[in-house]
Amino acid sequence: MKKLIIIISLLIVLSFGAIVAASKSTDILALGGTDDQPVASSHGDLKSLHLIGRAGGRAFYRGVSSDSGATCIVVGSAERLGEPGASACGVDFPTTERPIFTFPLVGADAPSTELKLYRLDVVAIDGVAAVRVAGHTIPVVDNVASITFAQPQPLSPIQALDAKGKVIYEEGL
Amino acid sequence: MRRFIVLAGALVVLGVPQPALAGSWIYPNLTNVWWTPNNPSGTPCIWYTDRGRGCSGWDYWHNSEFTLVGGGEFFCPGTGRVFPSFQNNDRIRGIFYYNGPDSDCYAELDVYDTDVGMGGWYMKASSYYWDGTSSRGHAEAYSGGDHG
């Protein structure tokens with residue numbers, strides 16, 4: 001009888017663990033894209049890279065920090081698959097409060113000190129159809145979007161749009 | 001005889017080349033360091049000296065990282081814009097991260113030199129706590145294959 005109770009308890013614990021694991025997977029699937037392939041990382045500080053998608057010559061991944069174990073959003077050149085160009089680990093994305101995660105490449109050239117936008121890479125949850133910045137609207141395909149500006153743009157807010165073109169989120173830049 | 005062996009051993013250890021420390025730069029110390037939108041930390045920066053900032057010395061930096069750490073009396077980890085970057089006298093380039101209010105109490109924000117058009121340059125690595133609530137954290141820079 002005692003053995004039976006132990007076995008049943010064990011099964012309950014295992015089932016609960018499976019449910020928790022499944023709910024975490026669902027979070028990750030919210031930005032699964034279509035590729036979602038495992039990719040070998042060329043940097044030891046990031047592991048378990050999975051390709052979310054590609055856009056504008058850029059490759060987007062989710063991964064895990066080797067230092068902290070936190071979930072990471074990663075972007076880099078699509079020509080060098082697995083080589084991160086920028087990464088953010090432990091950030092508040094993806095959530096309904098924050099439906100996009102942005103990697104704005106900004107900079108300035110002397111003698112001007114005005115920061116300008118050179119490129120914008122975006123990962124978006126399902127339901128985001130486009131992002132808008134500096135008067136440019138960039139479509140989101142398979143949860144990712146990217147634009148490189150021929151002329152650097154003044155910094156302005158980044159907006160996420162739904163399929164009807166309604167602004168559902170805005171982030172200062 | 002035993003003293004001689006110990007002394008000889010110590011001399012051998014001292015004589016062995018130690019790993020170069022120039023390949024990484026971690027600043028400031030983790031202990032109770034606030035990053036606010038105007039406090040300096042680390043060696044002087046060239047750009048935006050009115051912002052919360054930390055800069056490394058000069059090297060062929062490959063990776064610039066800012067790590068936000070929450071907990072205790074500090075915001076967890078704080079809301080604001082963080083700008084890990086690279087700079088020299090002519091230009092500055094980096095990623096202008098927005099850190100939202102629901103982040104974990106630990107956030108690592110990285111940028112790599114080649115991805116922002118400054119691969120192979122002799123430059124400073126920099127991190128700016130551009131605006132937002134004060135927080136705790138530290139900046140790191142790595143050259144060569146030291147990080148990743």
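The values are calculated or read from the model by the stated rules, or taken from the named source; none is laboratory data. What you see is a predicted model, and the numbers here were worked out from it, not measured in a lab. Using ideal geometry, Cβ is built from the backbone for each residue, glycine included, and neighbour counts are taken over all protein chains shown.
Against the list (1) assigned to a loop (DSSP other than H, G, I, E, B); (2) away from chain B (no Cβ under 12 Å); (3) at pLDDT 55 or above, the condition A:GLY32 fails is (3). Among the conditions (1) at pLDDT 85 or above; (2) hydrophobic (A, V, I, L, M, F, W, C); (3) surrounded by 24 or more Cβ atoms within 10 Å (Cβ to Cβ), the only one that B:LEU68 does not satisfy is (1).
A:GLU79 fails exactly one of the following numbered conditions: (1) facing another protein chain (nearest Cβ under 7 Å); (2) out of contact with any strand residue (DSSP E or B) (no Cβ under 6 Å at 6 or more places or on another chain). What is the number of that condition? Among (1) facing another protein chain (nearest Cβ under 7 Å); (2) out of contact with any strand residue (DSSP E or B) (no Cβ under 6 Å at 6 or more places or on another chain), the lone unmet condition for A:GLU79 is (1). Considering (1) closer than 20 Å to A:SER87 by Cα; (2) within 14 Å of another protein chain (Cβ to nearest Cβ), the lone condition that A:TYR169 does not fulfil carries the number (1).
For the condition touching a residue at least 40 places away in the same chain (Cβ under 8 Å), within 9 Å of another protein chain (Cβ to nearest Cβ) and touching a Phe, Trp or Tyr at 6+ places or on another chain (Cβ under 8 Å), B:SER85 qualifies. Evaluation of A:THR102 against the conditions (1) assigned to a strand (DSSP E or B); (2) polar (S, T, N, Q); (3) at pLDDT below 95 shows that the sole unmet condition is (3). When A:ASP126 is tested against the conditions (1) in a loop (DSSP other than H, G, I, E, B); (2) at the interface with chain B (Cβ under 10 Å from one of its Cβ atoms), the lone failure is (2). For region A:96-112, does any single residue satisfy the condition of being more than 12 Å from the chain's Cα centre (by Cα), more than 8 Å from chain B (Cβ to nearest Cβ) and not hydroxyl-bearing (Ser, Thr, Tyr)? Yes, there is a match, as at least one residue in region A:96-112 is more than 12 Å from the chain's Cα centre (by Cα), more than 8 Å from chain B (Cβ to nearest Cβ) and not hydroxyl-bearing (Ser, Thr, Tyr). On the given criteria, is A:ALA160 within 14 Å of chain B (Cβ to nearest Cβ) and either of a type in the set (Phe, Trp, Tyr) or under 15 Å from the mean Cα position of the chain (by Cα) (or both)? Taking the combined requirement at face value, the residue satisfies it.
Conditions tested, residue by residue: (1) among the aliphatic types (A, V, I, L, M); (2) surrounded by fewer than 24 Cβ atoms within 10 Å (Cβ to Cβ).
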| residue | (1), (2) |
| --- | --- |
| A:GLY44 | no, yes |
| A:LEU51 | yes, yes |
| A:ALA59 | yes, no |
| A:SER66 | no, yes |
| A:CYS72 | no, no |
| A:SER77 | no, yes |
| A:GLY85 | no, yes |
| A:GLU97 | no, yes |
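Flag set for A:SER68, criterion: among the hydroxyl-bearing types (Ser, Thr, Tyr) and not in a strand (DSSP E or B).
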